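Scroll down for the structure; my scribbles are underneath it.
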Protein chains: 2
Amino acid sequence: MNASMSPNLALNEEVARLRAEGRSVVHLGFGESRLPAFAPLVEQLRAGAHRNAYGPVAGAPDALASLAGYFERRGLPTGPHEVLLGPGSKPLLMALNLVLPGDVLLPRPSWNSYEPQARMAGKRVYGVPIPAECGGIPDPDALPETIERARRTGGDPRIVVLTLPDNPTGTLATAALVERVCRIAEAEDLVVVSDEIYRDVMHRPDAPFLSPAEVAPDRTVVTTGLSKSLALGGWRVGGLRVPPGARGRDLRDRLVAVASDLWSTLSGPMQQVAAYAFGDPPEIRQRLAASARLHGAVARAVHAAAVAAGATCRPPTGAFYVYPDFEPRRAALARRGIDGSAALARHLLDERGLAVLAGHHLGDDPGALRFKAATSMLYGDTDEEQEAALAAPDPLALPHVADALVRVAEGFAELGD
Amino acid sequence: MNASMSPNLALNEEVARLRAEGRSVVHLGFGESRLPAFAPLVEQLRAGAHRNAYGPVAGAPDALASLAGYFERRGLPTGPHEVLLGPGSKPLLMALNLVLPGDVLLPRPSWNSYEPQARMAGKRVYGVPIPAECGGIPDPDALPETIERARRTGGDPRIVVLTLPDNPTGTLATAALVERVCRIAEAEDLVVVSDEIYRDVMHRPDAPFLSPAEVAPDRTVVTTGLSKSLALGGWRVGGLRVPPGARGRDLRDRLVAVASDLWSTLSGPMQQVAAYAFGDPPEIRQRLAASARLHGAVARAVHAAAVAAGATCRPPTGAFYVYPDFEPRRAALARRGIDGSAALARHLLDERGLAVLAGHHLGDDPGALRFKAATSMLYGDTDEEQEAALAAPDPLALPHVADALVRVAEGFAELGD
């Protein structure tokens, strides 16, 4: 079993401690959309308080219908018996690990809970480098070789996890890459787990999006949730879609069986929230669009700061992350004793008050000078500041956002000195 | 992995289907306290809606302090760093299965999720018969022999689970029995998992209660939750207490690590509920007392019906269950083709519209004529009926409660014919 806390959650708690001690920390180390709960969502939660009875394990009928419609409107024909809800997408992903046979292929880097979950379920994990142009997907040029090597050494890779758009790189795999990975999944008989929790956080509203569930419908499971797109990380609402047909129905039955012993059901009031939010009413669509616009503006500013400091960095187009690589500054950093991701992140926190998540926590090479910077906690400390950022035509011009970005830029720039 | 849903949840969904088809079913098959959410709890949930940020994995400081106080007031000195919260006690028990080494000893019968959870975590499970006088505890006369046999056959029993008071028998192990089991746990180096989720549902307010955490403090983990005592099954709030000292701190760290990858944190609004309810304010203590009184009155009535029908049955003193044994009627039942718990439960549902949970689902001998009857869903179908039952000096005199009890009594009596 893993003996330590999720590194992102551990860092989040360290930042809280430092702040309680009076330290000023700019928190780029936690993938949370730090915005107030949208008022209509609060209303739904309050209205759902009477739901104190145990509901059906998979979800209440209204919430399932709504979640099915959510996928349907995103190009994936879905019935209410092809989805289920859970207290966040984490337990849903864990349930997948418990019911799907075989070992797991992960993009490297990728979100830090995929690997420990797979290991808790007794699986082996194989990292595959991401392509040069985007993350969230194993490089199709490297994937077959990793599968072959895994099999040669006693592994049984049967699952590949994609993150679309990606945490930690803030990029979206192109349609061509998704298609290539899906063809490999078909040839090698892999189940595709497509984590699309950031799907509604594409920075450009008209950005094309191809789900593996469109390319390989019979073997793709999709997960989603309200934590990222609607800033509800603390409310814990996740959803999952199985493939259509008998194989998908069987998978869902097995997931529901695990869910019944693992968490019973999503809490009733949150089912009411899910029934509302996954229904995509106009005010929710507006909120999603405004949030994605803000996330994009700030992520691009942090990206610019990293590039200005001499890092290479994929331009972000979705989610709220950038993943700079300070390899071009290796010699200068080495002279200061910074020779890997742990030292780099420690330096930024101790010397510059910038909390970032070191790349090795995401499966990346510990010797690489890479880290994840979450850009979604720079919108201010109060509800008022955050709502102002959301409403502003140019959020970067708001003093509290601009100040935070200056500290980020100065901290990064110093790495380039 | 277990391929089928928790039998109690599956039965609950079958009852919902039958009722949707117009069948009249008296639901004795699901361990839910079917009462409205208490108004002050609803207020807390609503007030906590703003807690939409990810909180600390173990729980928010106010909720942890409150939960520690809850245990403290029940005779168990506890600091806020010796407890954690989760979305129900189920995931907390699963996390225990993932971090505690060794195989599991369970009373037989016992709650139906203990065994599948242990198996999901790769553990072997050994059932131990319960004593004649009460359930929820392995018979100390049988426990050492089971441990020895397990070790002889390659097992490694290191955990014993107790349920105090018990689901499914509705009884509480005596102090003498708790002490004997704890002495065995010490001699055999077992961790005691004491599931005390029904602790506040003792029918007599002055009933003595001895927790294994008082007898074997260094090796006992206690779990609890709001689902049963406050009728909040659909809200999903659970709590756990580790032993004091270094061993407990280490266990808690490992539980928090698993929690961080499995469910992140209890939802923020529910943390506010937990902070309030575990604080034991006077109105909550009153509600607990009124609920326990109602549960006791109805459980005793169902017990009387079972005994009148010729069953043997331990008199219930806690929780809201009775566990009758129709062995005295075996010959008569056999003539009607009823020769075990599955046939008995099926007969009661199909012929009498009484949903009960067959004993084999709880680990009991499939040939035994035993079932669990949950008595907590007989308080009426509407909030008004349920609140009336809660307020009534003699709830059995209320027509809607009396009618349900008549159907139960008639259904049981027919088994004795």
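The values are calculated or read from the model by the stated rules, or taken from the named source; none is laboratory data. Quantities reported herein were computed from a predicted structural model and do not represent experimental measurements. We place every Cβ from the backbone using ideal geometry, glycine too, and count neighbours over all the protein chains shown.
Descriptive notes on the structure:
- Test: residue in the stretch A:268-284 that is touching a strand residue (DSSP E or B) at 6+ places or on another chain (Cβ under 8 Å), under 16 Å from residue A:80 (Cβ atoms), of a type in the set (A, V, I, L, M) and within 14 Å of chain B (Cβ to nearest Cβ): yes
- Subset tally (residues that are part of a loop (DSSP other than H, G, I, E, B), within 13 Å of chain B (Cβ to nearest Cβ) and surrounded by fewer than 24 Cβ atoms within 10 Å (Cβ to Cβ)) for the stretch A:235-264: 0
- Test: residue in the stretch A:104-111 that is in a helix (DSSP H, G or I) and more than 10 Å from chain B (Cβ to nearest Cβ): no
- The set of residues in the stretch B:249-264 being within 25 Å of the chain's Cα centre (by Cα) and over 17 Å from residue B:223 (Cβ atoms) consists of B:264 alone.
- The lone criterion from (1) more than 11 Å from chain A (Cβ to nearest Cβ); (2) touching a Leu at 6+ places or on another chain (Cβ under 7 Å); (3) not acidic (Asp, Glu) left unmet by residue B:38 is number (1).
- Total residues in the stretch A:49-90, condition surrounded by fewer than 23 Cβ atoms within 10 Å (Cβ to Cβ), within 12 Å of chain B (Cβ to nearest Cβ) and outside any loop (DSSP other than H, G, I, E, B): 3
- Residue list for the stretch B:7-48, filter: aliphatic (A, V, I, L, M) and part of a helix (DSSP H, G or I): B:9, B:10, B:11, B:15, B:16, B:18, B:20, B:39, B:41, B:42, B:45, B:47
- Among the numbered conditions (1) under 30 Å from residue B:260 (Cβ atoms); (2) at pLDDT 95 or above, the only one that residue B:40 does not meet is (1).
- Long-range neighbours under 6 Å by Cβ, at least six apart or interchain, first residue at negative phi and assigned to a loop (DSSP other than H, G, I, E, B) within the stretch B:266-294, second modelled with pLDDT of 95 or more and not small (Gly, Ala, Ser): B:266/B:85; B:266/B:87; B:267/A:235; B:267/A:236; B:278/B:67; B:278/B:70
- Restricted to strands (runs of 3 or more DSSP E) entirely inside the stretch B:116-231, those with at least 2 residues that are touching a Gly at 6+ places or on another chain (Cβ under 7 Å), within 30 Å of residue B:386 (Cβ to Cβ) and at pLDDT 95 or above are B:220-225.
- Taken across the stretch A:334-341, residues that are under 26 Å from residue A:125 (Cβ atoms) and surrounded by fewer than 23 Cβ atoms within 10 Å (Cβ to Cβ) do occur, with at least one present.
- Selection of helices (runs of 4 or more DSSP H) fully inside the stretch A:314-417 by the criterion of at least 2 residues being under 30 Å from residue A:108 (Cβ atoms) and of a type in the set (Asp, Glu) returns A:341-352.
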